[in-house]
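See structure below.
The values are calculated or read from the model by the stated rules, or taken from the named source; none is laboratory data. For clarity, every value in this text was computed on a predicted model and none was experimentally measured. Cβ: placed from backbone, ideal geometry, glycine included. Neighbour counts: every protein chain shown.
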Amino acid sequence: MAHLAETPFVDWPAVRYAELIKLDRLAPRVHLVKLADASETRMVAKYASGDSAKGNIGKEINILGRQQLHPSILPVECIILDDNNCVIGMGTKFVPGGDLLRNKDRVFKLKWLQQLTETLDFLHFKQGIVHGDLHLGSLLIDEAADRLVLCDFSRAREATEMNLMEEFWSVMWTLYELVTLDFEAEEEQLQKSYAKYGIYSLDTESIEKLPSWPARTKLDCDAEILRSYMREWLKRRVETLQFVEPREPDPMTSFSRHGEHQCEEPTHGCQWGAKTTRLN
Ligand SMILES: Nc1ncnc2c1ncn2[C@@H]1O[C@H](COP(=O)(O)OP(=O)(O)O)[C@@H](O)[C@H]1O
Ligand SMILES: [Mg+2]
C-alpha cells in the first residue's frame, strides 16, 4: 500500500474514491465517473490491480503525472485516494470519442496516423520509453481537438532495440487491423512463430507482403496511402535505432489494490479532508 505521504504525489490534486459516482464501466477497473457534488464534471478513473499482467498503474501515474507530456498524451488530472489516504488510482480527462475499437462508423484520417507516429517519436527519442501496449483500444480520438490520443501506459518500458522493434510491429499490426478489421491474422502470426521458433513474435512480414489490404473501415484516403506512410516511417525509424537512449520508467510498485467488486458501488460522504480538485 502506498500511503500518499510516501509517494511523490503529496501536492497533487486528489479526490477520494468515496466522492466518485460511477456512470459507466469502460473496462475492468476503468470507470467513467463524476464527482458526487459536481453534476456535469466527468473523468475516467483507473484503479490499481493486484494482477501484474495488467501492468503497473504506479508506473503509469509516474509517467503521465510529471507533466503534460505531449498534446496526444493525456496527463493525469488527479490521483484517487481511499479513506486511509492510500493511492488507489488515477483520473484522466474523459475523451468522449472513445477508442478506435468502439466507433466503427468514424472516418479515420491520415492526419491521426501522422499524430500517432509523431507521438511515438516523442516517446522514443525524448522520453526513452516505448508505450508497450499499442492496439486499437489504446488509441482514443478527441474529436473536438481533431486529435488522436494515446492512453494506457501501464506497460510502458525502456526503449531498448528489442522493445522498439516490438513497438514498430505493434503499430503496423494496429494499422492493419484498423484498415481491414481482420483480427485473426495476428493470432495466426503468433501461433506460426511459436511453432517455428518457440517464441510468440509479431513480426509483420506476413501482412507487409500482402499485395493490398482490403479496406473495411471508412478512411479519408486510400488504404495504400496509409500503408506506404507507415512503411516509410518504419524504414526511417529502423535506420535510426541507435539514436534512442533507453530509460527505465520508475515502477513505483507498492500500490493499494482496489478490486473490481470494491469499485462497483462507491460509498459517499467522506469525512477526510484531502485536497481535492474539480475537473473540467
Ligand atoms: N481518458 C479516457 N477517455 C475515454 N476512454 C478511455 C479513457 N481512458 C481509458 N479509456 C477506455 O478504457 C479502456 C481501458 O483503459 P486502459 O487504460 O486501456 O486500461 P487497461 O490497462 O485495463 O487496458 C480503453 O481501451 C479505452 O477504451
Ligand atoms: Mg488497455
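Answer yes if at least one residue in region 180-189 is within 17 Å of the chain's Cα centre (by Cα), without any contact (Cβ under 8 Å) to a residue 60 or more places away in the chain and within 16 Å of ligand 1 (Cβ to nearest atom), and no otherwise. So far as region 180-189 goes, no, none of its residues is within 17 Å of the chain's Cα centre (by Cα), without any contact (Cβ under 8 Å) to a residue 60 or more places away in the chain and within 16 Å of ligand 1 (Cβ to nearest atom). Identify, from the list Leu148, Leu116, the residue that is within 16 Å of ligand 1 (Cβ to nearest atom), assigned to a helix (DSSP H, G or I) and closer than 15 Å to Pro71 by Cα. Only one candidate qualifies: Leu116.
Consider Leu175 carefully, then state whether it is under 23 Å from Ser206 (Cβ atoms) and either in a helix (DSSP H, G or I) or touching a residue at least 40 places away in the same chain (Cβ under 8 Å) (or both). So that I can check it myself, show each step before the final result.
On the way: under 23 Å from Ser206 (Cβ atoms): yes; either in a helix (DSSP H, G or I) or touching a residue at least 40 places away in the same chain (Cβ under 8 Å) (or both): yes.
Against the criterion (under 23 Å from Ser206 (Cβ atoms) and either in a helix (DSSP H, G or I) or touching a residue at least 40 places away in the same chain (Cβ under 8 Å) (or both)), Leu175 qualifies.
Within region 8-33, the set of residues being surrounded by 19 or more Cβ atoms within 10 Å (Cβ to Cβ) and of a type outside the set (Asp, Glu) comprises Phe9, Ala14, Val15, Arg16, Tyr17, Leu20, Arg29, His31, Val33. Remark: Gly132 matches the filter, which requires a residue to be closer than 21 Å to Gln242 by Cβ, touching a residue at least 12 places away in the same chain (Cβ under 8 Å) and either crowded, with 22+ Cβ neighbours inside 10 Å or touching a strand residue (DSSP E or B) at 6+ places or on another chain (Cβ under 8 Å) (or both). Consider region 206-224 and keep the residues that are more than 30 Å from Asp146 (Cα to Cα) and either among the basic types (Lys, Arg) or surrounded by fewer than 11 Cβ atoms within 10 Å (Cβ to Cβ) (or both). The one that is modelled with the lowest pLDDT is Lys209. Listed here are the strands (runs of 3 or more DSSP E) enclosed by region 36-107 that have at least 1 residues being more than 18 Å from the chain's Cα centre (by Cα) and of a type in the set (A, V, I, L, M, F, W, C): 76-81, 87-93. If you go through region 75-92 and keep only what is of a type outside the set (Val, Ile, Thr) and modelled with pLDDT of 90 or more, you end up with Glu77, Cys78, Leu81, Asp82, Asp83, Asn84, Asn85, Cys86, Gly89, Met90, Gly91.
Select from region 171-201 the residues that are in contact with a Phe, Trp or Tyr (Cβ under 9 Å, 6 or more places away or on another chain), crowded, with 17+ Cβ neighbours inside 10 Å and hydrophobic (A, V, I, L, M, F, W, C) and list them in ascending order. Val171, Leu175, Leu178, Val179, listed by residue number. Among all positions in region 147-167, there is no residue which is outside the structural domain of Glu77 (by TED's automatic domain parsing), within 16 Å of Thr217 (Cα to Cα) and either touching a Ser or Thr at 6+ places or on another chain (Cβ under 6 Å) or not hydroxyl-bearing (Ser, Thr, Tyr) (or both).
Evaluate region 10-27: report whether one residue or more is part of a loop (DSSP other than H, G, I, E, B), more than 9 Å from ligand 1 (Cβ to nearest atom) and either modelled with pLDDT under 85 or of a type in the set (A, V, I, L, M) (or both).
At the first step, the residues of region 10-27 found to be part of a loop (DSSP other than H, G, I, E, B) are 10-13.
In the following step, the residues that additionally are more than 9 Å from ligand 1 (Cβ to nearest atom) were identified as 10-13.
Retained after the next criterion (residues that are either modelled with pLDDT under 85 or of a type in the set (A, V, I, L, M) (or both)): 10.
Yes - at least one qualifying residue is present in region 10-27.
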